[in-house]
Structure formats: structure tokens, C-alpha cells
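Values in this text are rule-based calculations from the coordinates and carry no lab data. Given the structure is predicted, the values throughout are model-derived calculations rather than measurements. All Cβ positions, glycine included, derive from the backbone under ideal geometry; neighbour counts span all protein chains shown.
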Amino acid sequence: MLVYYSLQPNLCTSDLPEDKSRAALCGELLTLITANHIRSTRDCLSKLENEQIILGNGGFIAVSVFFEEEILFDESNLSSLDSLIKSTQKHLKAPIYFCYTSAGHIYYLICYPRLDEKSEGDDSYIKEASEAFKKIYNETKKVYPKIHFLLSDMLTGEKSIFITTNSLNHAKEYCLFKTSTPTVTHISMQDVLHGGFITDTDQYHSLCVAVTKTLVSNNCDCNALSEFAAKEVLKNAAPSMESVHHHAQIFMLSFTEYLTENGVINSSYLDRKEILHRVMRFETEIDFINNLTDLLSELRRQFFMLESVGKKDLISTVRSFIDENITDPSLSLQSVAEHFDLSPTQLTRQFKGYFGITLYSYLQQQRFKNAQKKLQDNPKITLQQLALKSGYNDISTMYRAFKKYEGITPGNFKNSL
């Protein structure tokens, strides 16, 4: 095992000048990586390869050593590292570069066994190293009760080392977010630590339906409901705080949109920007659940308050009337207003206030969705028949609706089925 105290050549365990030089190079590489200077790492990496520290195209495992509450080793007292170094020497049989930066970051770079000039390393060694670190953990936790080991496998090279090391920084936040229990965690590069990003809010539609159904039921434990929702969100997120925050935000946008569109909560009670700001202020999983609990409790109170004063009944009846008569070509804002003995202006104001959309826009959207479904159910239907059965007065009106909501003509949509 080769041990270098990076950025501090005077603390290198070897008195040989070449070892001190290698220690400085290892420290320089990690400093550039952790400071996000990817363009400056190439020269340093070349120097390390010339020193045979990086074994050509052999693979590497990057390991981040960290603690709950960011308790760091005392660089002025290297004896505090003895148990960690001795245990590592005992269980890991590979070239290891232990890098301790002046900023307190601690990393291992572990070489895979190189098979030949064209090989990328022995992947089976990743499993061996993971098992070895479990033994190291069991020995070092006696001295460092809160120590964590976070492993990520990679292939050597400027970008892979850069990406892996920075990914470990994000994964470190995720580990502390999920639990304060010390662990040995292996995260493959294939997990894509910066991944898990989505833009389609429909991914959380079923979760929104389930949460809403429970929220408005007679017996609802908001804390248990929050735990359920948070668990589902975290299940979809990649192991990085970046991804956790992204999925939490997509869920909240989907959820508030669902509440408004389905008239569960009057849109005037939902400031989506303010809700996002409240819920997204979390550093741990418990914070996330507590923020959700507070929000769900408030929404539940609003729902039953509106139910008690009857504000929801009339406007919900209007919406049901539209849904039941959507295929009637004569259905319009004016006809709906006359049916309920309201002025078009009054009806528009009340409908938008509750559902967050004008009655006219809702009617147009529902008529289009109805036409879209009929076409999907029966692709052989003619466009003339489709228009008549969907409540359109003519094909040109239906044509404009498809261009507006789908971006293509009804004919092109039909051909894509």
C-alpha cells in the first residue's frame, strides 16, 4: 500500500523525495477536481501516469471517507489516522493512494489489477473491495463511531476521475440526507449520480391521485401520508441531493396542479410558488416529511372548510354538467351560464377562481381530449365522423384544436397510431 498525505508533502510518511513529489501531485489532482477545474487536470494526470501512479487504462475505485456532521481528521496529529491506515493495509491488496487535502477532504484512489495493455481492469475487484471496506469499517468504527465509506467504481482518465469524485460529493450529501447511521455504500458509475431527472409531471400522476384520495378521506394521518409520499419520491430519485430536490419539485408541481384541476382546493388558496418555497427547504429526509406534513394538514383544513360552507357544490356541478355533455356541439359558455341562471362573466370568474382555468378553456381542452380518446379507440374512424361525435361543428375547428394541443393535425395524429 502506498500512502500519501496530499497537499502536505512534509507530512508524507516517506522521506524519499520522489514520494514527497508524488504526494504533492496526488494532492494537486484532488484539489483541481474538488474545485471543479476539469480543464486543468490533464497535465497533472499525465505527470501521475509518468510516475506510474495511474496504471495506464487500468480501472480505479474512488472512495470518499467522511463523517456525520463533517467531523474531520486532525491533520496536526497523524497518529489519529493510524487505525484507518493499518486496517486498510490489512484488508486491501492493491495500490492505494490515500489523499488527505488541506480542506479536510479524504479520498482513496484504488487501482484495479491491470490485465493487459487493452484491458480496462478486473471488474470483479469492485466486489472484493466493497467486502474489504466492510471489514475496515467494522474495525475503524471502534475508533471513529461516525465514519462513512462511500465507494464508486470508474475507469481511469481525466473526465472519469473528475466526474466520479464530484459525484461522490453529491452522494455524500445524499447519504447524510437519508440517514445518520454510518455505512459502507457502493455506488456504481452506472447509477449516474447526476441523473434521475425528468420533465414529465405525469410520472407522479398516480401518486398525486393516491395522496389526494387519502387527504380528503374521513380518517387521514397527515404524517403517515407524508412519509408514504416522500418514500415514493425518493424511490425515483438517483442517489444525489441534486436529484432528490428535482424529484421533490416535480412531485409538488404535479400535486398542486392536480388539486387545482380537479377542484379539490380552490385555486385562490394555492400559491404554487409559495408552496414550493416552503416544502423545498429541507436538508434531511425528516425535514422533507415534516414540511409535507405541515402542508397536507393545511390543505386538508382548507378542503373541509370549503365543504362546510358549500362553496364547492355549485361550481363542481357545473363541471360535471360540462363533462356529461361535452359531445353536444351547442355546449358553450353562454349555454352553460343560461342553464345555471348565471351571467357568463360571473360563471367565468367563479370557475377560474376554483379550478384555475376559464370555463371556455376547460371546455376546449375536454372536447379535444374526448376527440383524442375516440381516435385512439377507433383509428379507422373518418375525421368527419370524429368531429361530429366529439362535439365539433366542423373539421376545421377540430383541426385547430389538434394543432394547438398536440402540435400536429388530426390526420397526422391518426397516422401515428
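Some observations on this one:
- Ordering Phe321, Phe228 by the number of other Cβ atoms within 10 Å of each residue's own Cβ, fewest first, gives Phe321, Phe228.
- In terms of other Cβ atoms within 10 Å, Val143, Val184, Val318 run from fewest to most in the order Val143, Val184, Val318.
- Counted residue by residue at 0.36 nm each, then reduced by the alpha carbon distance between them, the extension gain from Asp15 to Met305 reaches 96.8 nm.
- Potential extension, Phe321-Arg278 segment - 0.36 nm per residue separation minus Cα distance: 11.8 nm
- Rounded FRET efficiency, nearest 0.05, which uses the C-beta distance separating Arg42 from Ala210 and R0 of 56 Å: 0.65
- Shown for Lys127, Lys235: other C-beta atoms within 10 Å of each C-beta, ranked fewest to most, produce the order Lys235, Lys127.
- Shape call, the range 279-417: gyration tensor on alpha carbons, a/c limit 1.5: oblate
- Burial order of peptide ranges 286-293, 383-390 (average beta-carbon count within 10 Å, highest first): 286-293, 383-390
- Stretchable slack from Asn290 to Ser130, in nm (0.36 nm times residue separation minus alpha-carbon distance): 54.2 nm
- FRET efficiency for Asp377 and Thr199, using Cβ-Cβ distance with R0 set to 22 Å, rounded to 0.05: 0.20
- For the range 319-365: rounded, prolate or oblate by the Cα gyration tensor [a/c cutoff 1.5]: oblate
- In a reduced charge model with +1 at each Lys and Arg Cβ and -1 at each Asp and Glu Cβ, the range 311-415 shows a dipole moment near 440 debye about its Cα centre.
- Summing charges over neighbours of Ser254, with a neighbour being any other residue whose Cβ is under 14 Å away from its Cβ, gives -4 when K and R count +1 and D and E count -1.
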